[in-house]
Each structure stands twice: as C-alpha cells, then as structure tokens.
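All remarks here apply to the structure that follows.
The values are calculated or read from the model by the stated rules, or taken from the named source; none is laboratory data. What you see is a predicted model, and the numbers here were worked out from it, not measured in a lab. Cβ placement follows ideal geometry from the backbone for every residue including glycine, while neighbour counts extend to all protein chains displayed. Surface areas here come from the heavy atoms of the whole protein model, side chains and all, with no ligands, DNA or RNA. Shrake-Rupley method; radii C 1.70, N 1.55, O 1.52, S 1.80 Å.
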Amino acid sequence: MTFLEKLRCLLTFGQGVALPAPEILPTTSPFDIFQQWFDDANKSGILLPEAMSVSSCDEHGQPSSRMVLLKSFDENGFVFYTNYDSRKSIELGANNKVALLFHWNVLQRQVRIEGTVEKTSQQQSADYFHSRDRGSQIGAWASKQSQKLNNDNELKQRFEKYQQKFTGEEIPLPDFWGGLRVKPHYLEFWQGRASRLHDRICFEKHDDKWQWFKRHP
C-alpha cells in the first residue's frame, strides 16, 4: 500500500476504505481473492496479518475461540500448528467442524471461513517443526497445552528439563504436536463501506465447484 493509499484509508476510517472490492468473474477462485487480500494486509504494515481466530465446540455445544497464526494456505486449505492434546485439538477431533476469522481493521476487511479440519501429514508437521527456532521446539515439548499448572515454576522447570535432555542433538517432532488443515466449504469477504453499505462477497462449495453470491451487510 502506498503512502497516499494509507493516508486516504486513515482519512476515511469508519467511512469506507480506499481499496476497491475484488473483481468477480465466473472463474474467480476464493483463494485468489484471499491471496490478494492477504498480500494487501502484509503491505499495510498490520502487525501479524496472519493472526486468525479459530472456533471449535465442545461436547455440550459450547463454542470457544482463540487466536493462532496461519502458516500456509492453498486450494487444499488453511494450515496452522498446535499441540494435539490442547483443548481446540480435542474438540476438533470430536467435532471436525471449524470456523476461522481474519480481521484487518485498518483495511476495514474481514474474512470468515467455515469448513472441516484434518491433520497434516507427519512429514509436513516435521518440516515445519524443524524450521522453528530451537527455543520454540523445546517449548513445544515443555508445554502441556491447556492443562492446569501445578505451580508457577512448572513450565520453566519442564523447559529446562527438555533443554538439558536435547543438548547437542536434533530435537525430534513430538508425537503430540503437528499441523491442522482447515478445508473450507464457505468463505466470506467483508469490505467496509461508507454509510454501512458494506460489501459481503460469499463463496460456497457445491460438488467441488465454488459458487459466489452477495449478502446484505
């Protein structure tokens, strides 16, 4: 985004933004639009444009949401990594229906994604795990994600334990850690406009084909 575009965006904040709505053709893929919007978010200077909310439901139908970081995406889905023993992973293992939300406030844009989740391959998880810094790899071993701490020093003590255990050697991929891929069947691109006349461009997948329509804001 150029300085002039940023200035126009600032001056029109809450009134509609400088960026146009995407051009939709019969052959348009929602992933192409997402790529463009993700690139725009990166260029805008937003901190962590890859941050997204992930929502799951427990056995009682109680939804819960948390922020994670998108690590890759393509037409096969949106990938993030986590502890498979975490609350979200356990809930998604029992009910694989999931919702994602990206909110890029300065651009007055959000993307809603609904779909199902599956684990990535062990090789893909291992490749990403070993691309992380060593501290993050040890942290993955040390953290019993979502579990209650027995005392304030437990996490630090576990980190030091695994730091010592793996001294001088490659840290293996934990069998309880890896990637989750969200395979979407619905994507919605929301663009803020003046007078609350927002754009809501929606894509639904039917018989492996994407169909698009617009909703009232």
Given (1) open to solvent by less than 30 Å² (accessible area, probe 1.4 Å); (2) touching a residue at least 24 places away in the same chain (Cβ under 8 Å), where does HIS130 come up short, assuming only one miss? (1)
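Going through HIS185, HIS198 one at a time, which residue ends up being closer than 28 Å to VAL98 by Cα, in contact (Cβ under 8 Å) with a residue 60 or more places away in the chain and out of contact with any helix residue (DSSP H, G or I) (no Cβ under 8 Å at 6 or more places or on another chain)?
Details: HIS198 fails: in contact (Cβ under 8 Å) with a residue 60 or more places away in the chain.
Just a single option satisfies the conditions, and that option is HIS185.
Working carefully through the options GLU170, GLU188, find the one that is modelled with pLDDT of 95 or more and touching a Lys or Arg at 6+ places or on another chain (Cβ under 7 Å). Show your work before the answer.
Details: GLU170 fails: touching a Lys or Arg at 6+ places or on another chain (Cβ under 7 Å).
Within the list GLU170, GLU188, the selection yields GLU188.
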Using beta carbons and a limit of 7 Å, which pairs, at least six apart or on different chains, have the first residue in the range 90-116 and without any contact (Cβ under 8 Å) to a residue 12 or more places away in the chain and the second one open to solvent by less than 60 Å² (accessible area, probe 1.4 Å) and of a type in the set (D, E, K, R)? none
Matching entry among ILE138, ILE171 (being more than 20 Å from VAL68 (Cα to Cα), out of contact with any strand residue (DSSP E or B) (no Cβ under 6 Å at 6 or more places or on another chain) and of a type in the set (A, V, I, L, M, F, W, C)): ILE171
Every pair of residues 6+ apart whose Cβ atoms lie under 7 Å, when the first sits in the range 153-178 and is closer than 17 Å to THR82 by Cβ and touching a residue at least 40 places away in the same chain (Cβ under 8 Å) while the second is outside any helix (DSSP H, G or I) and basic (Lys, Arg): GLY178/LYS119
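Do we have LYS205 as free of Cβ contacts under 8 Å to residues at least 24 places away in the same chain, closer than 17 Å to PHE34 by Cβ, open to solvent by 50 Å² or more (accessible area, probe 1.4 Å) and of a type in the set (D, E, K, R) here? Show your work before the answer.
Values: free of Cβ contacts under 8 Å to residues at least 24 places away in the same chain: yes; closer than 17 Å to PHE34 by Cβ: yes; open to solvent by 50 Å² or more (accessible area, probe 1.4 Å): yes; of a type in the set (D, E, K, R): yes.
Yes.
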Would you say LYS88 is surrounded by fewer than 16 Cβ atoms within 10 Å (Cβ to Cβ) and out of contact with any Phe, Trp or Tyr (no Cβ under 6 Å at 6 or more places or on another chain)? no
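I'd like the full set of residues that are in a loop (DSSP other than H, G, I, E, B) and open to solvent by 90 Å² or more (accessible area, probe 1.4 Å), limited to the range 170-201. Walk me through it before giving the result.
Residues of the range 170-201 that are in a loop (DSSP other than H, G, I, E, B), as a first pass: 170-176, 192-193, 197-198.
Result: GLU170, ASP175, LEU197.
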Pull up the range 61-94, narrow it to residues that are assigned to a strand (DSSP E or B) and of a type in the set (D, E, K, R), then point me to the one that is farthest from the chain's Cα centre (by Cα). ASP74
Return the residue satisfying two criteria in turn: it lies in the range 9-30 and is β-branched (Val, Ile, Thr) and at pLDDT below 80, and of such residues it is surrounded by the most Cβ atoms within 10 Å (Cβ to Cβ). VAL17
Which of the residues belonging to the range 202-217 are touching a helix residue (DSSP H, G or I) at 6+ places or on another chain (Cβ under 7 Å) and assigned to a strand (DSSP E or B)? PHE203, TRP210
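Among the residues of the range 92-107, count how many are out of contact with any Cys (no Cβ under 6 Å at 6 or more places or on another chain) and surrounded by fewer than 21 Cβ atoms within 10 Å (Cβ to Cβ). If you could, list the steps in order and put the result at the bottom.
Our first condition is that a residue be out of contact with any Cys (no Cβ under 6 Å at 6 or more places or on another chain); within the range 92-107, this holds for 92-94, 96-107.
Cutting the leftovers down to surrounded by fewer than 21 Cβ atoms within 10 Å (Cβ to Cβ) gives us 93-94, 96-97, 99, 101, 103-106.
Residues in the range 92-107 being out of contact with any Cys (no Cβ under 6 Å at 6 or more places or on another chain) and surrounded by fewer than 21 Cβ atoms within 10 Å (Cβ to Cβ): 10 in total.
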